[in-house]
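The values are calculated or read from the model by the stated rules, or taken from the named source; none is laboratory data. Being a predicted model, the structure only gives us computed values, none of them experimental. Quick reminder, even Gly has a Cβ in these numbers, built from the backbone with ideal geometry, and neighbours come from all protein chains shown.
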Amino acid sequence: MTPPAPLSQHWRTAWRRIGGSTGSWPLVLALLLLALAVWPPRVQLQRPVFNWQVSFDITQSMNVEDVELDHAAVSRLTLARAAMRDVLGALPCGSRVGWSVFADYRSLVILAPVEVCSHYEELLASLERIDGRMRWANASNVSKGVTWAVRGARSVGPDTHFVFISDGQESPPLRINETPPMTDIKPGEVQGWLVGVGGDVPMPIPKTGSNGEPAGYWRADEVVQGSAIGSALNHEHLSELRQDHLRALAELVGVNYRRLNTPEALKTAMLDRRFAQHLPADTDLRWIPALLALLLLAWRFAPDFGWLRERRPAKREKKKAIDRGVPPRSLTRAA
């Protein structure tokens, strides 16, 4: 009766069957690396992440089409949403973004900040639904809306920054030296950006119904006009970017101001490292084992392609000759 083979012999046999004795170990290692790429372990690394509460002005002046996107005229709100889409794709995993909308005198939080990578599709879908149909009033008290944006970000959490995107048009217009109530707000306690969007030439403001259907344009006798005769604000039925007003509001609440001409402007602002927090965040490192597996496979099969195919038999014969004791120099002269 033949005694059973030792366990170590079984392992050696299994290794030979998968090619361990024939130089195919790169295939085995490549398979292990590919498995690691498909089922990666959870890895957390320190990286800069951002926490933003973004407020969109959804009043009717934001429907004025005096800005460009891809060389076509679009509304101010359309440009703001497109710019925000680019920001979502650029923010590092671990960052959080939420939405607010502004009309009348309030900036209301409709979505508290959520992690951008695990909720990317939901953030995109909800972003596309932000428009004038959410508007609950036709007034546009931008000054008060900015202070409510500060309160909204503060209520979310101490490390939350805010972005307020608007054309800066007050409707009804402010009285001279009028400022919003800020007894509960300390300038600079919540950091962020006021972002101005719109053209420099006054344009008619589209009038829309509650469902967003067009209803012509606002006329001068339908809106409250400014009291100062000859003032640039004495055409409230028309709209342009009120940049000086937004700069003054930014200084009042202690934040930064930037104009939104292109989507890149918003992305640069929201990825500013001054607003980053260095926290441990899930990091996708699957590309590393995948790349190593690709290199191993390329190294393993490279001799089977091109001019290397012709050199393999010669190298094999040379090795056999050396094993028989033939001097390498004589092989070179014979070649």
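Among the residues of segment 34-65, those identified as surrounded by 15 or more Cβ atoms within 10 Å (Cβ to Cβ), more than 25 Å from the chain's Cα centre (by Cα) and farther than 20 Å from Trp218 by Cβ are Leu34, Leu36.
Considering only residues that are touching a residue at least 60 places away in the same chain (Cβ under 8 Å) and among the acidic types (Asp, Glu), look in segment 240-294 and name the one that is surrounded by the fewest Cβ atoms within 10 Å (Cβ to Cβ). The residue in question is Asp284.
Every residue, every condition in (1) of a type in the set (A, V, I, L, M, F, W, C); (2) under 22 Å from Gly212 (Cα atoms); (3) in contact with a Pro (Cβ under 6 Å, 6 or more places away or on another chain), yes or no:
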| site | (1), (2), (3) |
| --- | --- |
| Asp86 | no, no, yes |
| Leu91 | yes, no, no |
| Asp104 | no, yes, no |
| Ser107 | no, yes, no |
| Cys117 | yes, no, no |
| Glu122 | no, no, no |
| Val146 | yes, no, no |
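For segment 97-119, which residues satisfy the criterion of being within 17 Å of the chain's Cα centre (by Cα) and either surrounded by fewer than 22 Cβ atoms within 10 Å (Cβ to Cβ) or acidic (Asp, Glu) (or both)? Listed by number, the residues that qualify are Leu111, Ala112, Val114, Glu115, Cys117, Ser118, His119.
In this structure, does Asp184 turn out to be within 36 Å of the chain's Cα centre (by Cα) and charged (D, E, K, R)? Answer is yes for this residue. Quick one: is Glu122 surrounded by fewer than 15 Cβ atoms within 10 Å (Cβ to Cβ) and at pLDDT 95 or above? In short, yes.
Condition check ((1) under 23 Å from Thr262 (Cβ atoms); (2) of a type in the set (D, E, K, R); (3) in contact with a Gly (Cβ under 7 Å, 6 or more places away or on another chain); (4) in a strand (DSSP E or B)) across all residues:
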{"site": "Gly145", "(1), (2), (3), (4)": "no, no, no, no"}
{"site": "Arg154", "(1), (2), (3), (4)": "no, yes, no, no"}
{"site": "Phe162", "(1), (2), (3), (4)": "yes, no, yes, yes"}
{"site": "Gln169", "(1), (2), (3), (4)": "yes, no, no, no"}
{"site": "Pro173", "(1), (2), (3), (4)": "no, no, yes, no"}
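Scan segment 136-171 for residues that are crowded, with 23+ Cβ neighbours inside 10 Å, polar (S, T, N, Q) and under 22 Å from the mean Cα position of the chain (by Cα) and the total you get is 1. For segment 234-334, the helices (runs of 4 or more DSSP H) that sit wholly inside it and include 3 or more residues that are modelled with pLDDT under 90 are 287-301, 308-323, 328-334.
Counting residues in segment 172-181 that are surrounded by fewer than 20 Cβ atoms within 10 Å (Cβ to Cβ), under 30 Å from Asp284 (Cα atoms) and in contact (Cβ under 8 Å) with a residue 12 or more places away in the chain gives zero. Would you call Leu111 assigned by TED's automatic domain parsing to the domain that holds Met182 and outside any strand (DSSP E or B)? So Leu111 fails the test.
The set of residues in segment 124-143 being in a helix (DSSP H, G or I) and within 23 Å of Arg96 (Cβ to Cβ) consists of Leu124, Ala125, Ser126, Leu127, Glu128, Met134.
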